[in-house]
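The values are calculated or read from the model by the stated rules, or taken from the named source; none is laboratory data. No experiment lies behind these values; they were computed from the predicted model shown. Cβ: placed from backbone, ideal geometry, glycine included. Neighbour counts: every protein chain shown.
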Amino acid sequence: MATTLHTLMDIFGAEFEDGREQVRLEKIVIPMVQRDYAQGRKGTDIKRVRERFLEALYQAVTHAPITLDFVYGDIDAEGIMTPLDGQQRLTTLFLLHWYAAKKEGVEKSEYQFLERFSYETRYSARDFCSLLIRHPLSSLRGISEEIVDQPWFPLDWNQDPTISAMLLMLDSIGEKFADVPDLWERLKGKAICFYFLPIKDMGLTDELYIKMNSRGKPLTVFEHFKAEMEHRLQEADAGEAKRIAAKVDLAWTDMLWSYRSGGSEVGEEFLRYFHFICDVICYRNGDSPQGRSNDAFDLWDEYFGQGNPQAMGNIRLLESYFDCWLQFPEKKDSDVFFEGLFSYRHEPGKIKIEERHERNLFEGCLHGYDDAEGKRAFTLNKLILLYAVVSYLLHREEISDGEFLQRLRVVNNLVQNSEFEISDSEKRAGGNRMPKILMQVDSIICEGKIDSAIETSFNASQLLEEQEKMRWVEGHAELAESLYELEDHDLLYGQIGIVGLERPEYFSRFQSLFGCDYDAVGCALLAVGNYSQKENGWRYQMGSPARKSWRNLFHKSSVSGFEQTKKCLHRLLSKHAEFTDELLWEIAESYLEECRQKKLYDWRYYFIKYEEFRPARYGKYIWDDLMRLPYEMMVMWTERNLSQNAYQPFLMAVDSQHILRDDFGRSLFWGDSYTICENHAYVTYDNETEEVIEEVPILQNEEGIDREDRIQKYLRRRCPEISTINSP
């Protein structure tokens with residue numbers, strides 16, 4: 001049957017085809033199985049929907065007419081229409097027409113058609129509608145208070161959700177339309193119309209109504225957003241509106257349907273992805289969504305409304321961003337696509353990601369782009385990667401699968417190594433970098449190159465490394481997979497500068513080395529040289545039995561000493577093709593023996609010999625002056641600051657029981673005295689007078705390097721029977 005355009009006034013008495021017969025619509029009845037009227041409910045979301053819908057109706061009667069979305073219903077042989085979809089709109093129109101008639105004293109014969117609208121969700125709702133029509137309105141505002149005060153209004157009707165919602169809606173209508181002149185005449189002039197589609201022979205059982213309407217469930221924001229979106233599109237371009245509305249109702253909804261999980265709805269998924277698209281548009285305009293509204297209606301007005309000169313271009317982008325996923329009709333199809341891109345371990349032809357991240361970025365966006373308050377919960381890292389994937393899907397015919405994987409790997413490497421650069425806040429150093437970052441992603445994905453002209457995007461060092469690797473792969477295609485395997489190492493996360501490209505045989509050696517015990521690696525590496533790096537002018541980074549310390553060392557930043565670390569690493573890698581714990585401890589022990597033979601005990605000797613210097617923490621140390629005072633140092637327990645668990649390792653190694661925590665572990669406390677380790681000696685001071693009580697001097701050469709093991713000497717002084725300490 002064909003759809004026809006009607007108003008609430010003229011639909012009663014209109015005739016519709018019923019097979020070969022004509023059926024006259026005599027009455028509209030909201031059936032018992034339908035949900036309660038919801039547009040008048042309380043709540044922030046519903047209030048926003050109500051205000052926007054009333055604003056649309058207000059504009060229709062004061063400026064330009066409006067055509068609402070379809071109303072579907074079945075008309076029986078007696079002419080009674082039961083709406084399958086459109087109950088909420090019809091009820092609001094019923095209340096608006098009642099208000100207009102009472103406000104302007106319209107003759108009863110003109111508004112008598114309202115008696116042919118009835119609610120049967122409850123007897124109370126049915127009776128309320130009937131009695132309301134007879135009630136003469138005496139006040140244009142505060143309508144609900146007047147009605148509730150009538151003798152025909154039982155108090156228990158306040159508990160009926162449909163009646164209470166109608167009362168609230170009447171108050172809202174009174175506030176909105178009180179000053180509109182000739183409201184009834186404007187409604188008669190077809191200011192508000194809707195399409196009616198009669199549906200026959202669908203078997204409109206109670207089960208079907210319950211399934212489609214979820215009795216008692218309030219209207220969703222998406223239902224109203226969709227209607228308003230179509231209306232706004234019609235104002236701009238009727239052709240665009242028709243095409244996109246059809247996609248929302250059919251192709252896009254069908255595609256999103258299979259992603260529902262845990263009670264989620266297609267409308268919620270649509271709006272989350274819509275939010276992602278709006279953020280992308282914002283960044284591409286050179287702006288940041290921070291500080292802007294996250295409300296879907298506000299986003300539409302800002303990016304797709306008539307006041308935006310780029311609205312039509314944004315609408316086409318919106319369409320393309322949804323259309324690109326239609327090549328994956330169901331979730332299982334996109335799962336296969338993403339499983340071909342990402343893996344939780346190194347696999348040839350895939351990109352390694354952490355297990356805490358979902359592989360299907362599109363699904364992650366649909367389910368988690370917004371939090372419960374509508375604020376973005378999707379990280380910028382994920383946003384960038386999803387943007388890269390969408391950019392590929394929009395140009396899939398121009399980019400081979402192999403090219404895309406290689407380019408996406410580059411983007412992923414940049415994302416993982418730009419922790420401090422990826423930001424859309426003007427308050428952070430470097431400001432909002434997302435516009436330039438997305439420009440760089442487009443260049444990498446679509447053109448296969450890093451655009452050096454784009455400044456302040458990803459980490460500058462990582463951009464240079466990625467350019468170098470791209471050139472290297474072109475000349476060493478047969479070694480590309482070994483490079484990618486190195487990139488996927490847990491300590492590197494895509495940044496391989498610490499190994500470099502000069503010696504490809506070091507790729508596998510690095511993996512062999514760091515397949516060993518980290519403590520053994522650290523001792524062997526220190527045996528070949530001082531690989532420490534200096535941070536912020538006072539804090540030093542070294543390796544430890546904990547993984548994070550090595551990742552900090554191997555990721556180039558503003559700290560000094562990276563190149564020296566690289567030299568030491570290469571020196572160690574050059575010694576063997578494969579490494580074991582035993583081999584590494586042999587290298588460390590060989591260095592210790594060399595120190596003993598020369599009787600030169602520099603700070604590295606103590607680090608390797610005594611495990612108190614190497615706790616399984618962050619590998620952070622403090623030296624006031626490493627060159628002049630190498631034996632005056634602190635082991636940090638936290639990553640950035642001193643804490644009560646910090647300590648002086650030369651003291652911890654000789655007496656862990658008397659370390660004074662209140663002094664950040666810088667002294668041994670004896671009650672009336674305390675001992676500290678100075679660069680040349682262990683010195684004990686009187687607590688009261690601060691005078692030296694005892695000194696254990698350490699023999700040193702002209703360069704200030706110990707000529708004897710100071711820890712052993714102090715222990716022998718304290719406990720003469722002790723002659724040695726076991727090495728680890």
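Just one of (1) out of contact with any Lys or Arg (no Cβ under 6 Å at 6 or more places or on another chain); (2) touching a residue at least 60 places away in the same chain (Cβ under 8 Å); (3) basic (Lys, Arg) fails for Arg116. It is (1).
When we screen Glu474, Glu466 for residues that are assigned to a helix (DSSP H, G or I) and either in contact with a helix residue (DSSP H, G or I) (Cβ under 6 Å, 6 or more places away or on another chain) or assigned by TED's automatic domain parsing to the domain that holds Glu563 (or both), the only hit is Glu466. Among the residues making up region 119-129, those that are surrounded by 14 or more Cβ atoms within 10 Å (Cβ to Cβ) and not acidic (Asp, Glu) are Tyr119, Thr121, Arg122, Ser124, Ala125, Arg126, Phe128, Cys129. Among the residues of region 67-112, just one is β-branched (Val, Ile, Thr) and over 30 Å from Lys226 (Cβ atoms), namely Val106. Within region 508-530, identify whether any single residue is under 17 Å from Tyr621 (Cβ atoms), of a type in the set (Lys, Arg), in the same structural domain as Trp585 (by TED's automatic domain parsing) and in contact with a Lys or Arg (Cβ under 9 Å, 6 or more places away or on another chain), and answer yes or no. Checked region 508-530: no residue is under 17 Å from Tyr621 (Cβ atoms), of a type in the set (Lys, Arg), in the same structural domain as Trp585 (by TED's automatic domain parsing) and in contact with a Lys or Arg (Cβ under 9 Å, 6 or more places away or on another chain).
For beta carbons closer than 7 Å, sequence separation of 6+ or different chains, a first residue in region 498-520 that is in contact (Cβ under 8 Å) with a residue 24 or more places away in the chain and a second that is among the acidic types (Asp, Glu) and surrounded by fewer than 18 Cβ atoms within 10 Å (Cβ to Cβ), the qualifying pairs are Leu501/Glu468; Ser512/Glu578; Cys516/Asp581; Asp517/Asp581; Ala520/Asp581. Being in contact with a helix residue (DSSP H, G or I) (Cβ under 7 Å, 6 or more places away or on another chain), at pLDDT 95 or above and among the aliphatic types (A, V, I, L, M) holds for only one residue in Leu96, Leu137, Leu84, and it is Leu96. When Gly291, Gly286 are screened for being more than 17 Å from the chain's Cα centre (by Cα) and surrounded by fewer than 16 Cβ atoms within 10 Å (Cβ to Cβ), only Gly286 passes.
The rows are residues; the columns are (1) among the β-branched types (Val, Ile, Thr); (2) touching a Cys at 6+ places or on another chain (Cβ under 9 Å).
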{"site": "Pro65", "(1), (2)": "no, yes"}
{"site": "Leu68", "(1), (2)": "no, yes"}
{"site": "Val71", "(1), (2)": "yes, no"}
{"site": "Leu90", "(1), (2)": "no, no"}
{"site": "Lys108", "(1), (2)": "no, no"}
{"site": "Glu120", "(1), (2)": "no, no"}
{"site": "Leu132", "(1), (2)": "no, no"}
{"site": "Ser139", "(1), (2)": "no, no"}
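For Ala646, state whether it is in contact with an Asp or Glu (Cβ under 8 Å, 6 or more places away or on another chain), small (Gly, Ala, Ser) and closer than 20 Å to Glu612 by Cβ. Here the answer is no, as Ala646 does not meet what is asked. Would a scan of region 621-642 turn up a residue that is assigned by TED's automatic domain parsing to the domain that holds Trp670, crowded, with 22+ Cβ neighbours inside 10 Å and under 30 Å from Leu463 (Cβ atoms)? No. Taking the criterion of being under 39 Å from the mean Cα position of the chain (by Cα) and on the phi < 0 side of the Ramachandran plot, the residues of region 526-536 that qualify are Tyr531, Ser532, Gln533, Lys534, Glu535.
Across region 574-623, the number of residues qualifying as among the aliphatic types (A, V, I, L, M) and either under 20 Å from Asn679 (Cα atoms) or touching a strand residue (DSSP E or B) at 6+ places or on another chain (Cβ under 8 Å) (or both) comes to 3.
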